[in-house]
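Colleague: Got a structure here, written out as structure tokens. Questions coming.
The values are calculated or read from the model by the stated rules, or taken from the named source; none is laboratory data. Given the structure is predicted, the values throughout are model-derived calculations rather than measurements. Note that each Cβ is placed from the backbone with ideal geometry, even for glycine, and that neighbours are counted across all protein chains shown.
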């Protein structure tokens, strides 16, 4: 979704350019058709270019070669991709066109990859701790992703994510938004761990027990396959003040006035949406850049806390909920969350630094 948001913003800012939005059949079926798509955005659904029954070698460049052969009729002047789609750099080099990477995680995590040698050989990393560092940076062996970043050569200055341009969804199939309307301002605990992360069974139970004992209203977005791990009778016992659903329109949920705190895995999208809405976070990082995000939230932005011991226990969740939703000690966290929201809003105003950086990005694309 962030990449589509960026494409929409660019398409409106550069109407003379055509933007081909490449995705798999599965991903594009979710994103398109969608209202308010400019005429100069053309979605293309493709396979990975691998013939049925074909066995790939371990050489990843074979995938690139097959991909290029499936799209030879398209004239490409610039490639914008998620930074984690590292092979797109090789495609850009093959086509001899500029490559612009969209980095969604916080800038601290990107710095770790660029300054790996410095970090490995010099003690001290500001407020970061060893436990916050991604696993592939702790050893001497470099990951494919790290080698890709190092090979970039010329790197564009950080460009903050443009303000969302997709309209808020008017679909509320699970009834979440109407349910939130019945709750007081800043009173509801929202729980969601994204589409990839699956907490251990004992952590799932701990969160449920804490929510039940806390007495706070809550909205829990939990994948269907995990609902069987909830304590027996939990949903029934808490139905008067809690709601458990398989999916929520998260951006709209976090923007709702009744949300008081977000229990999150610190995924990039979740952090961006929470900060943009001024919602404090209770962080339980699981992997990758999530640990760094949690540290930034707790010690730099001071707009949330990392769960005690980095594992959900009943007592730790209860303690965190009370701190942020009730206690005077949590007042600073709540205020800082609103300050972070104001910072984002100021950045995307016409004269804000994000808006100015975006104009630079448009110029780069328009002259490619």
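Colleague: Limited to segment 227-262, what total is found for residues that are loosely packed, with under 15 Cβ neighbours inside 10 Å, over 25 Å from residue 272 (Cα atoms) and in contact with a helix residue (DSSP H, G or I) (Cβ under 9 Å, 6 or more places away or on another chain)?
Modeller: Number satisfying all stated conditions: 2.
Colleague: With 185, 200, 189 as the choices, which residue is modelled with pLDDT of 85 or more and in contact with a helix residue (DSSP H, G or I) (Cβ under 7 Å, 6 or more places away or on another chain)? Even if it seems obvious, please write down each step before you answer.
Modeller: Numbers: 185 fails: in contact with a helix residue (DSSP H, G or I) (Cβ under 7 Å, 6 or more places away or on another chain); 200 fails: in contact with a helix residue (DSSP H, G or I) (Cβ under 7 Å, 6 or more places away or on another chain).
Residue meeting the stated conditions: 189.
Colleague: Tally up the residues in segment 299-319 that are touching a helix residue (DSSP H, G or I) at 6+ places or on another chain (Cβ under 9 Å) and within 20 Å of residue 127 (Cβ to Cβ), please. Step through it out loud before you land on a result.
Modeller: Initial filter on segment 299-319 (touching a helix residue (DSSP H, G or I) at 6+ places or on another chain (Cβ under 9 Å)): 300-319.
Now drop any that are not within 20 Å of residue 127 (Cβ to Cβ), which leaves 300-310.
Here the count works out to 11.
Colleague: Give the residues of segment 274-285 that are surrounded by fewer than 24 Cβ atoms within 10 Å (Cβ to Cβ) and under 21 Å from residue 199 (Cα atoms), sorted by residue number.
Modeller: First, pick out the residues of segment 274-285 that are surrounded by fewer than 24 Cβ atoms within 10 Å (Cβ to Cβ): 275-278, 285.
Answer for segment 274-285, where residues must be surrounded by fewer than 24 Cβ atoms within 10 Å (Cβ to Cβ) and under 21 Å from residue 199 (Cα atoms): just 285.
Colleague: Now for a separate question. I'm told residue 288 meets every condition in (1) assigned to a helix (DSSP H, G or I); (2) buried (at least 17 other Cβ atoms within 10 Å of the Cβ); (3) under 16 Å from the mean Cα position of the chain (by Cα) except one. Can you identify the failing condition by its number?
Modeller: (1)
Colleague: Restricted to segment 11-22, and to residues that are without any contact (Cβ under 8 Å) to a residue 60 or more places away in the chain and touching a helix residue (DSSP H, G or I) at 6+ places or on another chain (Cβ under 7 Å), which residue is farthest from residue 75 (Cα to Cα)? Reasoning before the result, please.
Modeller: Just the residues of segment 11-22 that are without any contact (Cβ under 8 Å) to a residue 60 or more places away in the chain, to begin with: 11, 15, 18-22.
From what is left, the residues that are touching a helix residue (DSSP H, G or I) at 6+ places or on another chain (Cβ under 7 Å) are 19, 21.
Details: 19: 11, 21: 13 Å.
Ranking the qualifying residues of segment 11-22, first place goes to 21.
Colleague: Now, a different point. Name every residue in segment 311-336 that is surrounded by fewer than 15 Cβ atoms within 10 Å (Cβ to Cβ) and over 21 Å from residue 188 (Cβ atoms), in order of residue number.
Modeller: Passing the criteria: 311, 315.
Colleague: Something else: I'd like to check something: does segment 263-270 contain any residue that is free of Cβ contacts under 8 Å to residues at least 12 places away in the same chain and either within 17 Å of residue 197 (Cβ to Cβ) or surrounded by fewer than 21 Cβ atoms within 10 Å (Cβ to Cβ) (or both)?
Modeller: If we filter segment 263-270 for residues that are free of Cβ contacts under 8 Å to residues at least 12 places away in the same chain, which is where we start, we get none.
Scanning segment 263-270 turns up no residue that is free of Cβ contacts under 8 Å to residues at least 12 places away in the same chain and either within 17 Å of residue 197 (Cβ to Cβ) or surrounded by fewer than 21 Cβ atoms within 10 Å (Cβ to Cβ) (or both).
Colleague: Can you tell me which of 279, 253, 271 is under 25 Å from residue 331 (Cα atoms), assigned to a loop (DSSP other than H, G, I, E, B) and touching a strand residue (DSSP E or B) at 6+ places or on another chain (Cβ under 9 Å)? Even if it seems obvious, please write down each step before you answer.
Modeller: Numbers: 253 fails: assigned to a loop (DSSP other than H, G, I, E, B); 271 fails: assigned to a loop (DSSP other than H, G, I, E, B).
Criteria check complete, one pass: 279.
Colleague: I'd like the residue in segment 84-100 that is touching a residue at least 40 places away in the same chain (Cβ under 8 Å) and under 18 Å from the mean Cα position of the chain (by Cα) and, out of all such residues, is nearest to residue 1 (Cα to Cα).
Modeller: If we take residues in segment 84-100 being touching a residue at least 40 places away in the same chain (Cβ under 8 Å) and under 18 Å from the mean Cα position of the chain (by Cα), then 84 is nearest to residue 1 (Cα to Cα).
Colleague: Filtering segment 177-218 down to residues that are assigned to a helix (DSSP H, G or I) and in contact with a strand residue (DSSP E or B) (Cβ under 6 Å, 6 or more places away or on another chain), which residue is surrounded by the fewest Cβ atoms within 10 Å (Cβ to Cβ)? Even if it seems obvious, please write down each step before you answer.
Modeller: If we filter segment 177-218 for residues that are assigned to a helix (DSSP H, G or I), which is where we start, we get 177-181, 201-214.
Among the residues that remain, those that are also in contact with a strand residue (DSSP E or B) (Cβ under 6 Å, 6 or more places away or on another chain) are: 179, 211.
Numbers: 179: 18, 211: 25.
Going through the qualifying residues, I end up with 179.
Colleague: Within segment 219-239, work out how many residues are farther than 16 Å from residue 178 by Cβ and in a loop (DSSP other than H, G, I, E, B). Quick ask: steps written out before the conclusion?
Modeller: Of all residues in segment 219-239, those farther than 16 Å from residue 178 by Cβ come to 220, 222-238.
This time we only want the ones that are in a loop (DSSP other than H, G, I, E, B), so: 222-223, 230-233, 238.
Qualifying residue count, segment 219-239: 7.
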